Structure formats: structure tokens, C-alpha cells
Amino acid sequence: MQISTKGKYSVRAVLDIAQNSHGQPVTLTAISKREGISLLFLEQLFQQLRKGDIVKSIRGPHGGYVLARDAAAITVGEVVRLVEPPLYTSSCFDKNEAVHDCRIVDSCIGGAIWKQLDEYINRFMDSVTFADLINKPKTDVVYHLQMKSNNLLADRVKPNARPSERKVGEVA
């Protein structure tokens, strides 16, 4: 499982706008220089980001891009899913096949593992907004991301519950 360059650069570019816009359009050239991302590649990414209502373009001599919504209303998960195929992969699934579409889902425990992994990854990415990431020291961001991750895991676990009392997918 790996997020491609498209996903990573999309997150970086949206974060760049969230940090540097201050209500004014940000040019792709400025993002390209700050982030070290090819201008041509950014142009391709921003077509998808615009269609996905993540950014909107402002035309004119002082034009560029701004966030289409408040940074608190845009999640990392939303951006990544917009430009990436499903993140989980397994030798028993192709990139376009959902875990629940597996032909041997009734007898294979592996599908349950991949499904839970996919749900956890998406829940985590959806819990992180761009407002969570901007204008804060990196140590604070890392700490808060660790807390979000721990909270997501804690929400899924009932340590004293017997397996038959746990929700589907709960970990002991």
C-alpha cells in the first residue's frame, strides 16, 4: 500500500494554498517553486482538485487558486481519494475491486483484514483537516496526529469484551 506522487503532491499543494493564501489567489508557479513540484504536474492535479470542489480558480492578472471551502471543511482523505485509486492493495484484489466483492469472501479471513485496514486508513485521513495542519509547529502537528490515531484505535476496542460481544472488526 502506497500513496502515489499524485496523492502526496495534491496534499502538499492544497496545504500550500491553505498556508499562503490569506484570502488571496495563489499561483501554480508560486506553489511549484515553494514545493518543488513541476508546474505541468500541478496543472494536471489542479484540474482534478477543481472538479472535486477542493480549489477554485480566480482569473485575471492577480489570479490563481484559493480553497473552495474553509480549510476546516476539507480533509486529507477527501483530497487523496480524489486523485488516487483505493489505497489498500492485496494480491487477491485488483485496484478496482472492493474487498466485499471478493469471490471467496465467505471463507477468507484475509478480506476482513484488508477491509478493516481500509476503513481505519480512511477514518484517519478523514479526521485530519487542512486547518489541523496549517500555521502550527511540526511537533504540535505530529503530536495531534498521533492523538487522533490513538483515539480512532481506542474507539474500536473494548478490551474486556469477548469476541462475540465485539462489533465486527473490533480488535481485542
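The values are calculated or read from the model by the stated rules, or taken from the named source; none is laboratory data. What you see is a predicted model, and the numbers here were worked out from it, not measured in a lab. Please note: Cβ atoms are built from the backbone with ideal geometry, for glycine as well, and neighbour counts cover all protein chains shown.
Do we have Gly111 as at pLDDT 90 or above, buried (at least 17 other Cβ atoms within 10 Å of the Cβ) and not aliphatic (A, V, I, L, M) here? Working first, answer last.
Details: at pLDDT 90 or above: no; buried (at least 17 other Cβ atoms within 10 Å of the Cβ): yes; not aliphatic (A, V, I, L, M): yes.
No.
Specify which of the listed residues (Pro86, Pro61) is assigned to a loop (DSSP other than H, G, I, E, B), touching a helix residue (DSSP H, G or I) at 6+ places or on another chain (Cβ under 9 Å) and surrounded by fewer than 18 Cβ atoms within 10 Å (Cβ to Cβ). Write out each step before concluding.
Working: Pro61 fails: touching a helix residue (DSSP H, G or I) at 6+ places or on another chain (Cβ under 9 Å).
Of Pro86, Pro61, the one residue that is assigned to a loop (DSSP other than H, G, I, E, B), touching a helix residue (DSSP H, G or I) at 6+ places or on another chain (Cβ under 9 Å) and surrounded by fewer than 18 Cβ atoms within 10 Å (Cβ to Cβ) is Pro86.
Here is the figure for region 36-51: residues that are under 21 Å from Arg69 (Cβ atoms) and surrounded by 14 or more Cβ atoms within 10 Å (Cβ to Cβ) total 6.
Given the condition closer than 22 Å to Val141 by Cα, without any contact (Cβ under 8 Å) to a residue 24 or more places away in the chain and outside any loop (DSSP other than H, G, I, E, B), answer yes or no: does some residue in region 18-26 qualify? Within region 18-26, one or more residues are closer than 22 Å to Val141 by Cα, without any contact (Cβ under 8 Å) to a residue 24 or more places away in the chain and outside any loop (DSSP other than H, G, I, E, B). Just one of the listed residues (Leu145, Leu152, Leu133, Leu117) is modelled with pLDDT of 75 or more, touching an Asp or Glu at 6+ places or on another chain (Cβ under 9 Å) and not β-branched (Val, Ile, Thr), and it is Leu145.
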